[in-house]
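Below is one structure; the comments refer to it alone.
Values in this text are rule-based calculations from the coordinates and carry no lab data. Just so it is clear, the structure is predicted and the values come from calculations on it, not from any experiment. Positions of Cβ are generated from backbone atoms using ideal geometry, with glycine treated the same way; all protein chains shown enter the neighbour counts.
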Amino acid sequence: MLRPEIYFHVGLGKVASTYLQKAFFPKLEDIYYLPTNQYHRFQEIIDRGEHARYFVSREFDNQLEYELARFTKVYPQTKVIIAFRRQDGWMASQYRRYVKNGGYRSFSEFFDVEHNTGLWKTDQALFMPKIEIVERYTRETPLVLLHEDLKKDTYAFLDQIAQYSKSTYSKASVSTKAVHTSYTDKQLKFIRSVAKRFFTEPRYDNMKAERGLLHWIKRRSKMLTCYATMYSSIFLPESMIGKAPLIAPNDLEKVRDFYEKDWAALQNYARKIAL
């Protein structure tokens, strides 16, 4: 039996992965899309042999190497698609998610490029080593996409994915609107101010993706409580929240400067592939 073609989008969190998973990947034609909620059954589904070509997508941050090793052990023919966002914007977005989910630390406590004492460590935001991981497990050059290109020309960005996966899609069927609600700095600053007392801090030390009904119930319950807390801040005056920014601009400048060479190398890698 011929091995199926498999394209695996190992999307980093906060790099438009949810948009792609909801608005674009299901619209791809000539290939079977395995939804994210069925990822835990990927081998069962693929081994049925009902399709010749599969497109798989899942968000990974710290779990990237673990999950890629697990997947390619079964399907070594896998071709990888991965998107990146410049580190300052990426970590700002990761921090906003951390706060939204009940985190209480300041940005510099969450991510500290000067002393590396934050919850996220500096090596976790180095992108070229992630490319090396992909190349090591697949022995293939991955399709590397840049988030900035999605913003400049959405359909050109999507075209790259379709062409790489030898698929087609109808532009009329794909919305270019974001799928996630953006929360204001006021809402996030408010939940951060109460999180230490009332919420369990999000964890980033688990290299394996947690699964199971109990985990889902606990996660959903906490999310609902966090959202309710954020929405309640709408009725509070700005004076009660404070004028200090959620993230100080100079903290983001430090991140951008720290990763300048790594980001430039990644851009060169992505552009070389596109040529």
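Checking the Cα-Cα distances for K79/K121; K151/K171; K151/K177 against a 21 Å cut-off, the pairs over it are K79/K121.
For Y54, the amide hydrogen comes within under 5 Å of the amide hydrogens of E5, I6, Y7, Y32, counting only partners 5 or more places away or on other chains and with H modelled in the peptide plane. Does the chain come out rounded, prolate or oblate by the C-alpha gyration tensor, with a ≥ b ≥ c the root eigenvalues, rounded set by a/c under 1.5 and, if not, prolate when a/b is larger than b/c and oblate if not? Prolate, because a/c is 1.5 or more and a/b exceeds b/c.
Does the stretch 65-215 classify as rounded, prolate or oblate by the C-alpha gyration tensor (a ≥ b ≥ c root eigenvalues; a/c under 1.5 gives rounded; else a/b over b/c gives prolate, otherwise oblate)? Prolate, because a/c is 1.5 or more and a/b exceeds b/c.
Label positions at T200 and A265, each projected 7 Å from the Cα along the C-beta direction, are separated by 3.8 nm.
Between the listed residues P237, Y7, L266, the Cα displaced farthest toward the positive end of the dipole of the chain, a dipole computed from Cβ unit charges relative to the Cα centre, is found at P237. Taking each residue as 0.36 nm, the span from K151 to D185 lengthens on full extension beyond its C-alpha to C-alpha distance by 10.1 nm.
Highest GNM mean-square fluctuation among A125, A178, A195, for the chain modelled with Cα contacts below 10 Å: A178. Here's the picture: charge each Lys and Arg Cβ at +1 and each Asp and Glu Cβ at -1 in the stretch 1-151, and of M128, A23, G89 the one pushed furthest to the positive end of that dipole is A23. Neighbours of S175 by Cβ distance under 10 Å: Lys/Arg scored +1, Asp/Glu scored -1, total +3. The simple Förster model, with R0 at 25 Å and r as the Cβ-Cβ distance, assigns E114 and R136 a FRET efficiency of 0.25. Net charge near Y259, counting Lys/Arg +1 and Asp/Glu -1 over other residues with Cβ under 9 Å of its Cβ? For residues surrounding Y259, the net value is -1.
Taking Cα centre as origin and charging only the Cβ of basic (Lys, Arg, +1) and acidic (Asp, Glu, -1) residues, the dipole magnitude of the stretch 1-123 rounds to 260 debye. Applying 1/(1 + (r/R0)^6) with r as the Cβ-Cβ distance of Q38 and M128 and R0 = 30 angstrom yields a FRET efficiency of 0.45. Shown is the FRET efficiency for A172 and R97, computed with R0 = 30 Å from the Cβ-Cβ distance and rounded to the nearest 0.05: 0.40. Rounded to the nearest 10 degrees, the angle from helix 128-138 to the longest Cα principal axis of the chain is 30 degrees.
The alpha carbons of the stretch 1-147 occupy a box of 53, 30, 25 Å along the principal axes, longest dimension given first. For the stretch 141-157, 3J(HN,Hα) computed residue by residue from phi via the Karplus equation (6.51, -1.76, 1.60; θ = phi - 60°) reads 7, x, 7, 9, 10, 10, 4, 4, 6, 4, 5, 6, 8, 4, 5, 5, 4 Hz, glycine and proline entered as x. Placing +1 on the Cβ of every Lys and Arg and -1 on the Cβ of every Asp and Glu, with no other charges, gives the chain a dipole of roughly 780 debye about its Cα centre.
Note on the chain: antiparallel DSSP beta bridges, both residues inside, total approximately 5 percent of the bridges counted.
Under 5 Å between amide hydrogens, built in the peptide plane, is the criterion, and for A83 it picks out L12, L145 among residues at least 5 positions away or on other chains.
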